[in-house]
1. Once you put a point 7 Å from the Cα of Thr219 and another 7 Å from the Cα of Trp239, both along the Cβ direction, what distance in nm separates them?
2. Rounded to a whole number, what is D in µm²/s for segment 160-300 from Stokes-Einstein with the Kirkwood radius over alpha-carbon pairs (10 °C, 1.306 mPa s)?
3. Below 8 Å, C-alpha to C-alpha, sequence gap of six or more: please give me the relative contact order for segment 171-306 in percent.
4. Along the Cα→Cβ direction, 7 angstrom out, place labels at Asn271 and Val89. What is the inter-label distance in nm?
5. Output ³J(HN,Hα) for segment 116-123: one whole-Hz value per residue in order, computed from phi by the Karplus curve 6.51 cos²θ - 1.76 cosθ + 1.60 with θ = phi - 60°, and x for Gly and Pro.
6. Hey, got the dipole for segment 160-300? About the Cα centre, +1 on K and R Cβ, -1 on D and E Cβ, debye to the nearest 20?
7. Step through the residues of segment 228-239 one at a time and calculate ³J(HN,Hα) from phi using the Karplus curve (6.51 cos²θ - 1.76 cosθ + 1.60, θ = phi - 60°), rounding each to whole Hz and writing x for Gly and Pro.
8. If I stretch the segment between Trp77 and Ala99 completely, what's the gain in nm (0.36 nm per residue apart, minus their alpha carbon distance), one decimal?
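Readers should treat all values here as calculations from the given coordinates under stated rules, not as data from a laboratory. Just so it is clear, the model here is predicted, and its values are computed rather than measured. Reconstructed Cβ throughout: ideal geometry from the backbone, glycine too, with neighbour counts over all protein chains shown.
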Amino acid sequence: MASDSASETLNLEKEQRQERLQWVFYGVGSMLLVVCGFYLQESVELRVLHAYGLTVLTYGALIYVEEFQHLKRLWLWKGVLATIPLHIVFLAGLFWWDAQGPLSPGYILANRILSFFVAEMVIFSLVIDHFQASASPDEPPRKLTRLLPWQNKPKAKIERIITLGGESGDDSDPARESRRNYLRWFFWGVSAILLVSYLLWGPVTSRTGLYIIKVGLLTILSYGHLLYVEEKDELTSPWLWATVLVALPFQVALIGIIVAIDRLAPYLAPNPIVFLFIVWVAAWVEKRLMAQITDDYRPWGPGFLTS
């Protein structure tokens, strides 16, 4: 029973590391996709995006997801160094493939990066297993199962028990609801001021001022919801600030989309009815992403049961 429990805990930890790696990849990838696709549109910048995706997926899966418990072993880093020349060859092959056809970021992410990722995982796993076998000749060789965590499989059930005021099962929090109302009324108050000013005097600020207002509102709605409404009691916890950093690329990507919409329709950019709705939608999306990221970065504690 103890062995089964330890194995299940290890699998859950590996699954959590895998989900954290996915959030980093999706966040930085979406940020680079927006910046390169909407603003730069140059082959060099797009190839930076592709090289980033392949590198993060491969070495993140090998080092962080699979071999996290062996980070202090010398044989692991010998194996990683041995794979670097091969990784450079794979990147050269990816760039050559990019040069053969149109540079569509979405197409390359789905059909090219993943193909190179699977090939690298197979070859690099054999390399690292060779170095581990050389360092520990008495241990039986491991089977090639590194790709299994990336397949669709049922996740272990994690139930969170919320206890407030000594009562179990009551998920209401008057203090949190009060903070949520404060944030909501702040947004509607600023919106009313902007709307009245626009109807009486028209646009009253420059394009830079409008960008500051939009970025400020989006940041307050998203990070204010995370840090002030939901996790005010965890402000001193390192995992919360790790969540903030991981969510930052999504923030940059959403700001880039808002600016791109303004460039496509400059006559609507100063209209508060339009941009407040766009900011609200972007904040809604980011709050949902932050909620998922928070669940993956929150450490397991007494409030969690696994089965």
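1. Calculated label separation equals 2.7 nm.
2. Answer, rounded: 95 µm²/s.
3. Once divided by the residue count of segment 171-306, the mean separation gives 33 percent.
4. 5.8
5. Rounded to whole hertz, the list is 5, 5, 4, 5, 5, 4, 5, 5.
6. 620
7. Rounded to whole hertz, the list is 9, 7, 8, 10, 4, 6, 10, 5, 8, 8, x, 5.
8. Gain on extension, Trp77 to Ala99, equals 4.6 nm.
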